[in-house]
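Below: the structure, in structure tokens.
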Amino acid sequence: MNNANWNKSNSRGLAPAAQGEPFSAGVAFAGPYHASGDPSTIAYTYGRFSNPTWTRFEQALSELEGGPVVSFGSGMAAVAAVFGTTLRPGDVLAMPSDSYYTARLLADGFFAQIGIKVRKARTAGDDWSQILDGARLLWLETPANPSLDVCDIAALADAAHKRGALIAVDNTTATVLSQTPLELGADFSVASDTKGLTGHSDLVIGHVAVRDSAWLEKLLTWRTQIGAVPGPMEVWLAHRSLATLQVRLERQSRNAHNIAEYLTTRSEVSGVRYPGLTADPSHKIASQQMRYFGSVVSFVLHDRARAEQFLKSCKLVFEATSFGGVHTTAERRARWGSDEIPEGFIRLSVGCEDSLDLIDDIAQALDAVSGLGEW
């Protein structure tokens, strides 16, 4: 895969160059706009309907995604919008049993309560054909969070469409610069842009891109009526962050690969997962559909105590949830009780620091784990 989409989009969403004008427009803070007469002839009338700051960001993202984009106040607002616009009582939703926990919680909670039937299969399993028959929507997440398992988007899109199902891909972990689900056959590309796309750990935002523009109006209606709108300042920050996405993702992916390789050499560590490692179970498929292997590495320490000691001993690595930021973070993911993972499972989000500094820090933290004795 190449970076053609990125190369043609560097100026998208920006005003044409003009003497004495700034490179990019400022934030449009507005509730109501001046709007006399027939509102259907006016681009901006009220802040819940539209905002020029949204428009510029969505134009930029649409060039990367390869289809129209609707921005939302969070990644979960984007997930809810896809579920809410495609599913009706009696419909079947097929989704990964190891996908993002809150997406599963929403499906098994509110949507199950209104009559949606939810079927699940493992991301890397071979059970998809058994749960696709009769499904209205196939929801994928690849790489999965936090397992980093990968599935073949193109193959599953083909299988879903042959059965009359729509397919949506949670592309949060990869980001659109690494992986373009719409080009691989998906009907919806969804992401929590809170994470890698914006990459500075300072905002909450999400988006949905569609292959068929007929879904655009449905998503816009959902956003307007539900009120799941993003703040203009958050959108402006997100748009600004796109300029460094390629630089950040290249550095993070290189750092993550170096750290993953190092972790495989440590006796305290087991179960290292990173799609960029040639020995990783996800590597073959990931190589076919991803440009970069991303910032997230996972591994397992023997138990909870050793995982907590590791995190406590890190000096450069912050203990925090979420991922994709320029600063390296890690957490014992099992503390949330939401995934079927070992108590010592660590999700490491690798940032843009010097990789040797990070490896030195991880090394001394693992040495501290070794000090706890044999297991």
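A few notes on this one:
- Counting other Cβ atoms within 10 Å as a rough exposure proxy, the listed residues 98, 361, 212 run 212, 361, 98 from fewest neighbours to most.
- Cα-based equivalent ellipsoid of segment 269-330: semi-axis lengths in Å, sorted from largest, via gyration tensor: 25, 16, 7
- Computed P(r) (all Cα pairs; segment 34-91; 5 Å bins; percent): 4, 15, 17, 20, 18, 13, 9, 3, 1
- Trypsin sites (Lys or Arg not before Pro) within segment 157-242: DSSP coil, no more than 16 neighbouring Cβ in 10 Å: 163
- Counted over segment 247-293 with a bin width of 5 Å, the fraction of Cα pairs per bin, in whole percents, is 4, 23, 27, 24, 15, 5, 1.
- For the peptides 275-287, 17-29, the ranking by packing is 275-287, 17-29, with the highest mean count of neighbouring Cβ atoms within 10 Å listed first.
- Stretch gain in nm, segment residue 367-residue 312, where the contour uses 0.36 nm per residue and the Cα spacing is subtracted: 18.6 nm
- For segment 166-318, the relative contact order is 20 percent, taking Cα pairs closer than 8 Å that sit 6 or more residues apart in sequence and dividing their mean separation by the residue count.
- With contacts taken as Cα pairs under 8 Å and at least 6 residues apart, segment 108-187 reaches a relative contact order of 28 percent.
- For segment 62-140, the spread of Cα positions along each principal axis, largest first, Å: 35, 28, 22
- The label point for residue 113 and the one for residue 336, both projected 7 Å from the Cα toward the Cβ, are 2.1 nm apart.
- Potential lengthening between residue 102 and residue 33 on full extension [0.36 nm per residue; Cα-Cα distance subtracted]: 21.2 nm
- Mean silhouette area of the chain, derived from the convex hull of its C-alpha atoms and averaged over all directions, reads 20.2 nm².
- Computed over the chain: relative contact order in percent, which uses C-alpha pairs under 8 Å that are six or more apart: 16 percent
- Cβ-based charge dipole, segment 245-370, positive-most Cα from 285, 363, 338: 285
- Proximal lysines relative to residue 120, as straight alpha-carbon distance under 28 Å, when same-chain residues fewer than 8 apart are discounted: 162, 195, 218, 284
- Kirkwood-based shape ratio for segment 163-309, expressed as Rg/Rh from alpha carbons: 1.04
- Taken one residue at a time, the phi angles of segment 38-50 give Karplus couplings (6.51, -1.76, 1.60, θ = phi - 60°) of 5, x, 5, 9, 10, 5, 10, 10, 8, x, 7, 8, 6 Hz. Gly and Pro are set to x.
- Simple rule: put +1 on each Lys or Arg Cβ and -1 on each Asp or Glu Cβ in segment 245-370, find the dipole, and look at 246, 267, 325; the Cα lying farthest toward the positive end is 246.
- The chain - share of DSSP beta bridges that are antiparallel (%, nearest 5): 55 percent
- Computed over segment 245-370, Kirkwood Rh from alpha-carbon pairs, angstrom: 14.4 Å
- Size of charge dipole - the chain - debye, nearest 20, with Cβ of Lys, Arg +1 and Asp, Glu -1, no other charges: 660 debye
- Here segment 245-370 is treated with +1 on each Lys and Arg Cβ and -1 on each Asp and Glu Cβ, and its dipole about the Cα centre works out to around 320 debye.
- Theoretical ellipticity at 222 nm over the chain - DSSP helices of four or more residues, -39500 (n - 2.57) apiece, nearest 500: -10000 deg cm²/dmol
- Comparing Cα centroids, segment 282-309 and segment 240-255 end up 18 angstrom apart.
- The Rg/Rh ratio of segment 113-226, with Rg taken over Cα atoms and Rh as the Kirkwood radius over Cα pairs, comes to 0.97.
- Here the residues 329, 221, 173, ranked from fewest to most Cβ neighbours within 10 Å of their Cβ, fall in the order 221, 329, 173.
We did not get these values from a lab; they are worked out from the coordinates using the rules stated. None of the values given here were measured: they were computed from a predicted structure. No Cβ is skipped: glycine too gets one built from the backbone with ideal geometry, and neighbour counts run over all protein chains shown.
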